[in-house]
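Down below is the structure, laid out as structure tokens.
The values are calculated or read from the model by the stated rules, or taken from the named source; none is laboratory data. None of these values were measured; they are calculated from a predicted model. Because the Cβ atoms are built from the backbone with ideal geometry, glycine has one as well, and the counts that use them run over all protein chains shown. The area values use the complete protein model at the heavy-atom level, side chains included, leaving out ligands, DNA and RNA. Shrake-Rupley method; radii C 1.70, N 1.55, O 1.52, S 1.80 Å.
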Amino acid sequence: MSTRLGDPNQTDTPPPETEGEPTRRRRSRRRTPPPLYQRWWIWALLGIGATAGGSAIAIAQTMQSIGRGLPETKLILNYVRNGTLTMKASDGTVLQQLGPATRQRMTLSQMPTQLVEAFVASEDADFYQHSGVDFQAIARATLRNVTEGEVVEGGSTITQQLARIVFLDQERSIERKLREAMLARKIEREISKEQILERYLNLVYLGSSAYGVADAAWIYFSKSVNQLTLPEMAMIAGLPPAPSAYSPLVNEELAHRRRDLVLGRMVEAGYITQAEADAAIATPLVLKPSQPRNLYSPYPYFTSYVQQQLPKLIPAEQLEIGGLTVETTMNVAQQTHGQETIQNAIERYGPGQNFGEAALVSIDPRSGEIKSIVGGNDFNESQFNRATQAQRQPGSTFKTLVYTTAIAAGFSPYKPYMDAKLVVDGYEPQNYSRTYSGSMSMREALIKSVNIIAVKALIEVGFDPVIAMSKRMGIQSNLVPAYSLALGSSEVNLLELTSSYGTLANQGNYVQPHAIRRVFDRFGNEIYRAQPEAQRAVDADTAAIMTWMLRGVVSSGTGGNAAIDRPVAGKTGTSENRRDLWFIGYVPQLVTGVWLGNDNNRPTYGASSTAARVWRNYMGDIVDGMEVEPFPELPRLRGREGSIEAEPIKPRRMRADTAPTRNSEDEEASTPARSRRRSSASRIEESAPVEPRRRRRQAAPVAEEAPAPARRSQRRQAAPVQRSAPAPEPAAPAPVEAAPKPIPAAPPAASEPAPGEPPPP
């Protein structure tokens, strides 16, 4: 049997043996190929194909999943970094920036053209041609990195870098790179090239705490961006790949090499000529380092108070992440003037009147927005905020709250009282003048700051109504139900006391004072907005009557030094031995409180009229250009009914003379109380059920004219005393050497100068 040449059925297999014909086996010279299904390379290719197909499917699925979860690219336009805190004034002025913040943002049009070109040439030469990802650049960088045996060139575009800054971390993974590429493509579709470049140049980290080109210009050269030279621009543009290593403050030689490389790339891109590059390379870099802008606040007492308030408004996890921008209520002009006023007060009046500290708070009573806080003389010396943290005895400024309660209970401002000797449950208040004036109305008693009548009004209206009214008006500190409460024995801080007067300025509506308007997260989303609600604390008629009475304090009483070019309502106050000097006053649009004193309770030689003068120094300029608004008209007094119920105190034992006696201090001091001459006065003793122990034990009298011994503790009131009287106030404060600033402590009880007190020098 023959086989045709080339027969496809031909094989190298020998013919089968036939029965009875033995044959000799011969080994074939060629190996017979295995069947197709047994060939290994076929399976290898199929395996590779299957793997590639599976990978392609997995990648496609991953990309599909990533695509669905991509964030909104418009968030880029407002983004700030994690861990930052930026505080702004009400007009947008940056007050302070903490953490890795871009401290000066610029628009692209504000940046020099050569600076922008330097970054494009160095980081992304094809920026204006690609659509977010430059595949040629990736291939070129990969080839060079393989050739060099190390990473010497990156393939990321400026858009990819921006996506990484805003949305991603530095994790090295395929998924992260895919997400970066897809984000870059989306950014390019939704945001213009100019916006991308502008945000990148404002956010890119450039070493030495510089975030963005404006920060770098300031930190390295103490210049604005527009003042940079070409070699300086090239040096800054060379920093992004390794900002910590390339910083000229870290390695000046390496920074020079990077600068020269950028200049070479600018020549290749056609942005500058070779001659310009050579001249720039030959120019030595002159560094002039500066601290980052806004690292320290020019208004530290205000911004530190804002930081203390933030945890009460923002969840802890958001505070931890950071990236917050806080819009405050500060009025920069008022804050600046307030700081100058307090500084001048300490320098001008302090040495002669023996006080070394002062504080000021100013509030818009209608919105509750705090416009200025000045907590002391020097924040670097002491961070203790005397406007918000110092608990001091308010003296006669607290009388306003007592009389407000009495008026609200239906008392007439013309209700007559006898200014005469008063002893109630062992407590004997004294007037500042150590004399009695006889019969006078409640209004006149407030204008002249008569202590005895304030205590009588408290007895008639009751402890609980006064304390409840004070709380509604804004006092948050603990108030002790004692007869001396009428004269300011319970400690308060300047912020809450000023806020309580703001309730009267706002026609009886209390609005909680606040320093923060809004808070934004790192993407510019509003996460907090102040929503102050006015709460009716005092009826409108009572508030109008009290404002009318307090206007009399300024026009013809102890607050005369606070008079400005428009009606003012306010009240002075002085604690025992003149340790605290106060004036709280208001116009309809603004309420301001001033405190003067010493941190260690050392007595001053001054008077509350000095605080009134400091108030005028501040408010006189602030109201310039402010519309003159009238106070509410005085309501009809006849037949007026109260809006609250009085709860008169029933003393266990009280002596109240019905006419003033000759109250000579020497005569009183030398004659025992039981044997003193009563003249034409009659003695009244009232017996009543024993009062609860907490009301029988009175704090040290804070009568302006006769305070008790100094109280050293903030939390414990002194034991009751029968009577004591201070020396008369000097005709003019004697100059003394200013003492060093002491540790903050609590002041003792209250006193108030008479209307005729001498003005400060």
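Summary of values
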quantity: Estimated FRET transfer efficiency (residue 647, residue 107; beta-carbon r; R0 60 Å; 0.05); calculated: 0.40
quantity: Total formal charge among the other residues, if their Cβ is under 9 angstrom from that of residue 406, Lys/Arg +1 and Asp/Glu -1; calculated: 0
quantity: Cα centroid separation, region 316-383 to region 284-310 (Å); calculated: 16
quantity: Filtered trypsin sites (Lys or Arg not before Pro), region 545-647: DSSP coil and at most 14 other beta carbons within 10 Å; calculated: 636, 638
quantity: Residues of region 523-562 with amide N under 19 Å of a point placed 7 Å along Cα→Cβ from residue 512; calculated: 527-538
quantity: Rounded accessible area of residue 124 (nearest 10 Å², 1.4 Å probe); calculated: 10
quantity: Unsatisfied cross-links (Cα-Cα over 26 Å) in the set 471/650; 88/177; 415/448; calculated: 88/177
quantity: All lysines inside 26 Å of residue 288 as judged from Cα atoms, apart from same-chain residues fewer than 8 positions distant; calculated: 223
quantity: Relative contact order [Cα under 8 Å, 6+ residues apart], region 380-500, whole percent; calculated: 38
quantity: Computed E for residue 261/residue 296 - FRET, C-beta separation, R0 30 angstrom, nearest 0.05; calculated: 0.25
quantity: Long-range HN-HN contacts of residue 96 with modeled amide H, under 5 Å; calculated: 87
quantity: Inter-part distance where region 419-434 and region 454-473 are each reduced to a Cα centre, Å; calculated: 18
quantity: Candidate lysines - alpha carbon under 20 Å from residue 74, same-chain residues fewer than 8 apart omitted; calculated: 186, 193
quantity: Cβ-Cβ FRET estimate between residue 555 and residue 434, R0 fixed at 30 Å, reported to 0.05; calculated: 0.70
